[in-house]
Amino acid sequence: MTRAWVLPMSLVVCGALVATTQFVGGSPGVAVALLLMFGLLAGLHSPLVFPPSIGAEEAQRRSAVDGRPIVYWRAGCKYCLRLRFRSGRSARRLHWVDIWRDPAGASAVRAANDGDETVPTVMVAGRPHVNPDPEWVRRRLPPAA
């Protein structure tokens, strides 16, 4: 679970150090701007941006019932972030599994990708699709009830 927070926390710490250096150097405006920029980057790469993750077994069970795709992702992955943002509100209708929090999810991704933990891996009807186009994923969602 803590692995998902390594990158965001590193960005916060680095941002604080750089901002402090700028502030001490007499540039408080630059310091504030840098601190905000690093904070935004930390937020974008944190698990907070994604819909709540569930376990791989639960995602598979839910997907079998409702037909929605399963997205295996991890924090800090720019391709996962791209899928999340370009999916828009539809992202909440997908089943999200954080492979850094769920060993069964990581195992499912490795099984689908010849041993690699390549994300995002989207499972649609039991078939894996690595880094698919977000529009393609949205088209795979069943109509909203």
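The values are calculated or read from the model by the stated rules, or taken from the named source; none is laboratory data. None of these values were measured; they are calculated from a predicted model. Positions of Cβ are generated from backbone atoms using ideal geometry, with glycine treated the same way; all protein chains shown enter the neighbour counts.
With the requirement that a residue be among the charged types (D, E, K, R) and under 17 Å from the mean Cα position of the chain (by Cα), what does the stretch 117-134 give you?
Once the filter is applied, which keeps residues that are among the charged types (D, E, K, R) and under 17 Å from the mean Cα position of the chain (by Cα), the stretch 117-134 yields Glu117, Asp133.
All but one of (1) surrounded by 17 or more Cβ atoms within 10 Å (Cβ to Cβ); (2) among the hydrophobic types (A, V, I, L, M, F, W, C); (3) not in a strand (DSSP E or B) hold for Met123, so report the exception by its number.
(3)
Taking the criterion of being of a type in the set (Lys, Arg) and under 24 Å from Asp133 (Cβ atoms), would at least one residue in the stretch 58-73 satisfy it?
For the stretch 58-73, residues of a type in the set (Lys, Arg) and under 24 Å from Asp133 (Cβ atoms): present.
How many residues does the stretch 1-49 contain that are part of a helix (DSSP H, G or I), of a type in the set (A, V, I, L, M, F, W, C) and within 30 Å of Gly105 (Cα to Cα)?
Of the residues in that region, 15 qualify.
If I ask for residues that are surrounded by fewer than 20 Cβ atoms within 10 Å (Cβ to Cβ) and in a loop (DSSP other than H, G, I, E, B), which ones from the stretch 89-104 would you list?
The answer is Arg101, and nothing else.
When you go through Gly76, Gly88, Gly115, Gly105 one by one, which is the residue that is touching a Gly at 6+ places or on another chain (Cβ under 9 Å) and closer than 30 Å to Met9 by Cα?
Gly105
Does any residue in the stretch 63-92 that is over 20 Å from Ala104 (Cβ atoms) come within less than 7 Å, Cβ to Cβ, of a residue that is surrounded by 14 or more Cβ atoms within 10 Å (Cβ to Cβ) and among the polar types (S, T, N, Q) six or more places away or on a different chain, and which pairs are these?
Here the result reads Tyr79/Asn131, each pair linking the stretch 63-92 to a residue that is surrounded by 14 or more Cβ atoms within 10 Å (Cβ to Cβ) and among the polar types (S, T, N, Q).
Of everything in the stretch 16-59, what is surrounded by 14 or more Cβ atoms within 10 Å (Cβ to Cβ) and farther than 24 Å from Asp98 by Cβ? Give them in sequence order.
Correct list: Ala16, Val18, Ala19, Gln22, Phe23, Ser27, Val30, Ala31, Leu34, Leu35, Met37.
Based on what the data block shows, is Leu81 closer than 18 Å to Leu7 by Cα, assigned by TED's automatic domain parsing to the domain that holds Cys14 and under 17 Å from the mean Cα position of the chain (by Cα)?
no
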